[in-house]
There are 2 protein chains.
Amino acid sequence: MEKKIAIVGAGLSGSLLAIILAKKGYDVEVYERRPDMRKVEISAGRSINLALSDRGIKALKLADLDTDILKEAVPMFGRQIHLLGGSENFQSYSGREGEHINSVSRGGLNCQLMDKVEGLGIPIYFNQKCLGMDYKSSTLSFLNEETKEEYLIEVETAIATDGAGSAIRNDMQKKSASLRFSFSKAYLDHGYKELCIPPTEDGDFRMEKNALHIWPRGGYMLIALPNKDGSFTVTLFHPYDGENGLDALNTSSKARVFFEKQFPDALALMPSFDADWENNPTSSLATVKCYPWQVEGKSLLLGDSAHAIVPFYGQGMNCSFEDCVVFAEYLEKYKGDWEKIFSEYQKSRKKDTDAIATLAEDNFYEMRDHVSDENFMKKRKLETKMEQQFPEYYSKYSLVTFNADIPYSEAMRKGRAQDQLLLEICRETDDLDSLDLEKILQQIKSL
Amino acid sequence: MEKKIAIVGAGLSGSLLAIILAKKGYDVEVYERRPDMRKVEISAGRSINLALSDRGIKALKLADLDTDILKEAVPMFGRQIHLLGGSENFQSYSGREGEHINSVSRGGLNCQLMDKVEGLGIPIYFNQKCLGMDYKSSTLSFLNEETKEEYLIEVETAIATDGAGSAIRNDMQKKSASLRFSFSKAYLDHGYKELCIPPTEDGDFRMEKNALHIWPRGGYMLIALPNKDGSFTVTLFHPYDGENGLDALNTSSKARVFFEKQFPDALALMPSFDADWENNPTSSLATVKCYPWQVEGKSLLLGDSAHAIVPFYGQGMNCSFEDCVVFAEYLEKYKGDWEKIFSEYQKSRKKDTDAIATLAEDNFYEMRDHVSDENFMKKRKLETKMEQQFPEYYSKYSLVTFNADIPYSEAMRKGRAQDQLLLEICRETDDLDSLDLEKILQQIKSL
C-alpha cells in the first residue's frame, strides 16, 4: 500500500491543511486524539469563539470555504469600551469602509472544516492518541483510546497540527539533545475564566451586536464577543495572585462582590454568573516557541504546535491558518522534496510567528491599560482619520489584521515605528483637526 | 522514622549542599542516578575541568573545603592568546595582585565532596533514578537501577540538584499547566569536542602552565585548560553547520586538514588527536531557564537543574555553588518554614542566574571574536592599569569573577556600562599613558 501523509490533529489548522493537501492531489489521512466533536459535547468554558480576520480568510479561500464560514460569523467593527462608572465609547478598528473582524464559533468552524475533509474522501480517525515518531523508519505510534491497543503506521511524512500540547513536539523535546531542539513555554501571571451574557427572551443581543466589548481596568479586563444566537461569550483576564486574584476569588460569592465593584453593568447582564463561575475552569495563558519545526523531512510542526500565542491580538487561529498558506507556497515550489519544503518553510516562517507572539503579549497591556488612556484614544482617532483619507495607510492594528499581504514581522516593525511617531504627534497637540495629515503620511512613508 | 531532606543528585552542588545542611544539623540523605564515580570510570570526553573562582570558593568555605580543593588546582592568571600565524600575547585577568581563577578537575572535585558527605555520616544511594514527585503526599518515586525495583520515599522536602536534565524539573514540566511552570531550553548553533595535550615525557607542561589558552578564530575557537598532571584539556567550540562545521568534519582526517590550517601549533602538541576526535562525543551547548523553582515548599530546583548555562564565563559551577550560599542565608532566616525559604530564595536569586546566563552567552562572542580585536585589547590594558592603580575598581570580568559580594545582576549592569565607556575612551586615543585615570574612575563611579 502507498504510504500516506499523516496529519496528526483534526483541529482548525489540521483540518484546513488536510483540505488544501487533498485539493492538490496528495494522499492524506487525519488522526485525532479526541472523540468526534460533531457527536460528543466537549471543551465547554474554553475559548468558544474566535476573531476571524483577513489572514485567516485568505487561507479559507484556498479551501473555498470563506463564504460559507463568514455566513456563520458576526462582524465586529470596533471596540466598545466600557469605563468604570458606566460611560462607553466606540473605537473603530479601521477607517476604511468594510474592514472588520468576525466573531466565529470555534466548535462550529471546526465542524464545518471536518465535514469538508470527509466530503473530500479523507478519513479522520478519532480517539487516536499519538505517542511519538520513529524517524529511522518514518513510523508513527498511536494508542487507540477505545480499544486501548497500541499500533504503528509507516508514513510518507507526518504533519503535527496537534496544538499547544503537541505530542509530536513533546516527543521531539525528549530527543532534544540530538535534534538540538530549542523550546520555551512562558506563562503569563494572568489566567482567564469564561462567562456568558445570554440573549434576551426575544433572542436579541443585550449590548451592541457588532463590536468587541472591553471593560479595561488596568491590571485586568473583561471582554465580550457576540455569538450568532444573540449571546455574548464573556472572558475575564485576571491575575492569579493578589487580594482579588483568581486564586483568592475561589467562590462565586467572592467573585460577585468583586464584579459588583468593577463590572456592575456586565454583571447585571449575566443571570448565570454564579453557576458559570463555579463550573467553568480557570485556564492559564502561555506562549510556546520552539525550533526547529521539522525533522529530516519526516515530521513538521504547524499551527499551535509550533507557536502557541496568547489571545490578545485575536490572531492565534489566523496565524495558524496563514501557516497553511505559506506552507502551500513551499509545497508548490519544491514538490515532493519534503526535507526542502519543511526546512525552507520553517526558515521563512519563524520570524513571523515570533513577531505575532510578541505583538499578542504587547496587546494585552494595550487592551487592559491603554484603550482608556486619553493620548491613546487620540492616537486611535488620528489613525482612523488617516485611514479614511489615505487608502494606502494602515495603522499597526490594520497592518496585522487587515493586510494579509504583509508578513507579521514587517507589520510589527512598521507598526511600532508608526505608533511611536503618532503618539508623539498626539502628545503635542490638542486639536487633531489642525494637523496636516498629508505631511504625517510622508513622515510615515519615510520611516 | 523521622522524615529526611532528600537531595536528588550527588554532583557538585548536591554534594556541597548536603555538607552545608548537615553542618547545620539537618537530617539529609542523597540519591544519585549514576554509579559511584569513585569506583567506576564515567563521563570521559565531557567537561573534565572547570574554572573555580571567588564565588565558588566562598561557597566551599562554608563547607571548610576551600583549602583542600585549591591544593589540587592549577592557578590561571590570564588568557594566553594564540593568533593565526603563531604569535601569542597574554591578557591578565586582573590588575590586582593574586587575583586568578583555578583549573580544577570536575571528577576530582566531585570525589572530594562526596568523601566529605559520607564522612559526615550522610548516606549517598547510587544508581537510584528519580522518576518524579507526588506533591500531595510529599513522596518521591525512584527506580533502583540495579534491582530494577521501583519504590517510594516520603520526605520532609526534596532538593533537586540533578543537573541540566533534571528529573524533578521534567516532572514539573509535565505538570506545567497546574504549576504554571515556565521553561526554556535554547541551543547554540555551536557544539564542542574535547581533545588533549599530554604532558612531556618529563611530566612538564607543553605550554605556559598558569593560563587559560585561547585560539580565537572569529566564528569558532579552541581553548585549553591546564591539569595538575601536566596535561591540558583542549576544547573546540565550533558550529555544527557549514562547509567546515562539526557535522562535516565527521572523520579525524577531515578534522586534521582543518586543524592544520587553523590551529597548526595546537595540533602539533596533540599526538592522540585522531583517536580523541573519533572517540570523544560531540556535545551540544544550551541555556536552560525556568520558573518557579519550587513547589509548595516540597521541592526546590537548585544549581544546573534550575539554570544551566553555557561555559564561556567559567561560571557554571561557581553560580551553582553560590546558589548554596544564598540558599543557606534563607535557611537561617526562615528556619524550618520550607515554603517561605524556597519562595524567598527563588525570588531573590532568579534575576542573578538570568544575568549570568546572558553574560555567559555574550562572553562566547567576546572570546571567539573580540579578544584578538585591537580596541578590545586596548580596553583590557586600560582595565588592568585601572585595577593596578585603584583597588576599588573592578572590570566587568572582575566584578563577575573576583567580587563574590556583588550579585551577578548588579555585576552585569555595572560591567556593561563600564565596558561601553572604556571602549569609547579607547576608540578616541592611541596613547593609554596620556589618559587621566583618576578622571575615568570618577566617570565610572557616576555611571
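The values are calculated or read from the model by the stated rules, or taken from the named source; none is laboratory data. Since we're looking at a predicted model, the values are computed, not measured. Every residue, glycine among them, receives a Cβ derived from its backbone with ideal geometry; neighbour counts consider all protein chains shown. These accessible areas exclude ligands, DNA and RNA; they are computed on the full protein's heavy atoms, side chains included. Shrake-Rupley method; radii C 1.70, N 1.55, O 1.52, S 1.80 Å.
Residues in the stretch B:288-306 that are open to solvent by 10 Å² or more (accessible area, probe 1.4 Å) and closer than 20 Å to residue B:362 by Cβ were compared, and the one that is nearest to the other protein chains (Cβ to nearest Cβ) is B:289. For the stretch A:178-197, filtering for residues that are touching an Asp or Glu at 6+ places or on another chain (Cβ under 9 Å) and surrounded by fewer than 17 Cβ atoms within 10 Å (Cβ to Cβ) leaves 1. A single member of B:95, B:121, B:107 is in contact with an Asp or Glu (Cβ under 7 Å, 6 or more places away or on another chain) and in contact (Cβ under 8 Å) with a residue 40 or more places away in the chain, and it is B:95. Checked against (1) modelled with pLDDT of 95 or more; (2) in contact with a Ser or Thr (Cβ under 8 Å, 6 or more places away or on another chain); (3) away from chain B (no Cβ under 14 Å), residue A:92 meets all criteria but (1). In the stretch A:50-71, the qualifying residues are those that are more than 18 Å from the chain's Cα centre (by Cα) and over 23 Å from residue A:407 (Cα atoms), and the one that is most open to solvent (accessible area, probe 1.4 Å) is A:71. You will find that of B:61, B:71, the residue that is farther than 22 Å from residue B:399 by Cβ and out of contact with any Leu (no Cβ under 8 Å at 6 or more places or on another chain) is B:71 and no other. Being more than 26 Å from the chain's Cα centre (by Cα) and open to solvent by less than 30 Å² (accessible area, probe 1.4 Å) is a property that residue B:139 has. Scanning the stretch B:314-341 for residues that are under 30 Å from residue B:192 (Cα atoms) and open to solvent by 10 Å² or more (accessible area, probe 1.4 Å) yields B:314, B:316, B:317, B:322. Among residues belonging to the stretch A:157-172 that are in contact (Cβ under 8 Å) with a residue 40 or more places away in the chain and within 12 Å of chain B (Cβ to nearest Cβ), point out the one that is least open to solvent (accessible area, probe 1.4 Å). Applying the filter and picking the extreme gives A:172.
The single residue among A:432, A:359, A:399, A:421 that is over 30 Å from residue A:301 (Cα atoms) and at pLDDT 95 or above turns out to be A:421. Just one of the listed residues (A:175, A:148) is surrounded by fewer than 16 Cβ atoms within 10 Å (Cβ to Cβ) and modelled with pLDDT under 95, namely A:175. Taken as a whole, the stretch B:200-219 holds at least one residue that is within 21 Å of residue B:287 (Cβ to Cβ) and not aliphatic (A, V, I, L, M). Take residue B:429 and decide whether it is under 15 Å from residue B:95 (Cα atoms) and hydroxyl-bearing (Ser, Thr, Tyr). No, not satisfied. Of all residues assigned to the stretch B:344-355, none qualifies as being of a type in the set (Asp, Glu) and outside the structural domain of residue B:52 (by TED's automatic domain parsing).
Within the stretch A:288-347, can you find the residues that are over 17 Å from the mean Cα position of the chain (by Cα), part of a helix (DSSP H, G or I) and among the aromatic types (Phe, Trp, Tyr)? Scanning the stretch A:288-347 gives A:327, A:330, A:338, A:342, A:345. Inspect all residues belonging to the stretch B:127-141 and state whether any of them is of a type in the set (Lys, Arg) and within 14 Å of chain A (Cβ to nearest Cβ). The answer is no, given that none of the residues of the stretch B:127-141 is of a type in the set (Lys, Arg) and within 14 Å of chain A (Cβ to nearest Cβ). Scanning the stretch B:251-262 for residues that are touching a strand residue (DSSP E or B) at 6+ places or on another chain (Cβ under 9 Å) and either farther than 18 Å from residue B:83 by Cα or in contact (Cβ under 8 Å) with a residue 60 or more places away in the chain (or both) yields B:255, B:262.
Would you check if residue A:153 is among the aliphatic types (A, V, I, L, M), away from chain B (no Cβ under 14 Å) and not in a loop (DSSP other than H, G, I, E, B)? Judged against the criteria, residue A:153 is a match. Pairing each residue of the stretch B:61-77 that is closer than 16 Å to residue B:229 by Cβ with any residue that is open to solvent by 80 Å² or more (accessible area, probe 1.4 Å) and in a helix (DSSP H, G or I), provided the two are 6+ apart or on different chains, yields no C-beta distance under 6 Å.
Is one or more of the residues making up the stretch B:274-287 outside any helix (DSSP H, G or I), at pLDDT below 95 and under 21 Å from residue B:5 (Cα atoms)? So far as the stretch B:274-287 goes, no, none of its residues is outside any helix (DSSP H, G or I), at pLDDT below 95 and under 21 Å from residue B:5 (Cα atoms).
Do we find a residue being farther than 19 Å from residue A:441 by Cβ and open to solvent by 60 Å² or more (accessible area, probe 1.4 Å) anywhere in the stretch A:380-396? No: the stretch A:380-396 contains no residue that is farther than 19 Å from residue A:441 by Cβ and open to solvent by 60 Å² or more (accessible area, probe 1.4 Å). Scanning the stretch A:30-74 for residues that are outside any strand (DSSP E or B), modelled with pLDDT of 95 or more and of a type in the set (Gly, Ala, Ser) returns A:53, A:56, A:59, A:73. For the stretch B:230-255, filtering for residues that are in a loop (DSSP other than H, G, I, E, B), away from every other protein chain (no Cβ under 14 Å) and among the aliphatic types (A, V, I, L, M) leaves 2.
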